[in-house]
1. So what's the net charge close to residue 14: Lys and Arg +1, Asp and Glu -1, counting the other residues with Cβ under 13 Å from its Cβ?
2. Roughly speaking, what is the centre-to-centre gap between segment 80-121 and segment 5-37 when only Cα atoms are used, to the nearest Å?
3. What does a probe at residue 3 reach in segment 26-42, counting residues whose amide N is under 12 Å from the point 7 Å along Cα→Cβ?
4. Length gain on complete extension for the stretch residue 27 to residue 111, per 0.36 nm per residue less the alpha carbon to alpha carbon distance?
5. Just by accessible area at a 1.4 angstrom probe, what is the order of 105, 90 from largest to smallest?
6. Taking all protein chains in place and a 1.4 Å probe, what share, in percent, of the accessible surface of the chain do carbon and sulfur account for?
7. List the chymotrypsin sites (Phe, Trp or Tyr not before Pro) in segment 8-37 that DSSP assigns to loop (not H, G, I, E or B) and whose Cβ has at most 15 other Cβ atoms within 10 Å. Which are they?
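The values are calculated or read from the model by the stated rules, or taken from the named source; none is laboratory data. These figures come from a predicted structure and were not determined experimentally. Quick reminder, even Gly has a Cβ in these numbers, built from the backbone with ideal geometry, and neighbours come from all protein chains shown. Side chains are part of the model used for accessible areas, which takes the heavy atoms of the whole protein and leaves out ligands, DNA and RNA. Shrake-Rupley method; radii C 1.70, N 1.55, O 1.52, S 1.80 Å.
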Amino acid sequence: QVHVVESGGGLVQAGGSLRLSCAASGSIFSINTMGWYRQAPGEQRELVAVITSDGSTNYADSVKGRFTISRDNAKNTVYLQMNSLKPEETAVYYCRYIRGGLGFTIGPAYWGQGTEVTVSS
C-alpha cells in the first residue's frame, strides 16, 4: 500500500507561479513513476507531467517551457514548479504514484486527494 499526499495549491493571479509538492510513503518500489494530473470542473483528468525514479520526464504540450517537474528520491517526493499560470489551468491537481517507468507499469496506481489551484484573471 502506498499513501500519497499533495500540498502547495492555492490562489494565484494569471502569470504567477506556484510550487506543488507530493510525498509518497509506504511500500515504495525503487523503480517508479510519480507525476501530476489535473481535472478542471466538468472536464476529464489529464496528464500534466510525470517523472520516473531515474529522472526521465514527460510533459503535456500545453505546459512545456512553463512547468518543471523534479523529484527527491531520498524523500520519495516530487515537485511541480508552475510558472506563467493561466486562468484555464484552474483545476484540482492530483499526484499519482505507480510502480514502473514511462513505458511499463506494474500493479495499481495510487492517487492523492488532490490540491486545488485557482488562477485568477
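1. Values: positive: 66, 86; negative: 88, 89.
Within the 13 Å Cβ shell, the charges total 0.
2. 7 Å
3. 26-27
4. Values: separation 84, 0.36 × 84 = 30.24 nm, distance 1.41 nm.
Working it through step by step, the gained length comes to 28.8 nm.
5. Details: 105 85, 90 40 Å².
The ordering from most to least exposed comes out as 105, 90.
6. Values: 2920 of 6230 Å².
Carbon with sulfur: 47 percent of the solvent-accessible area.
7. Values: sites: 29, 36, 37; in loops: 29.
Passing sites in segment 8-37 are 29.
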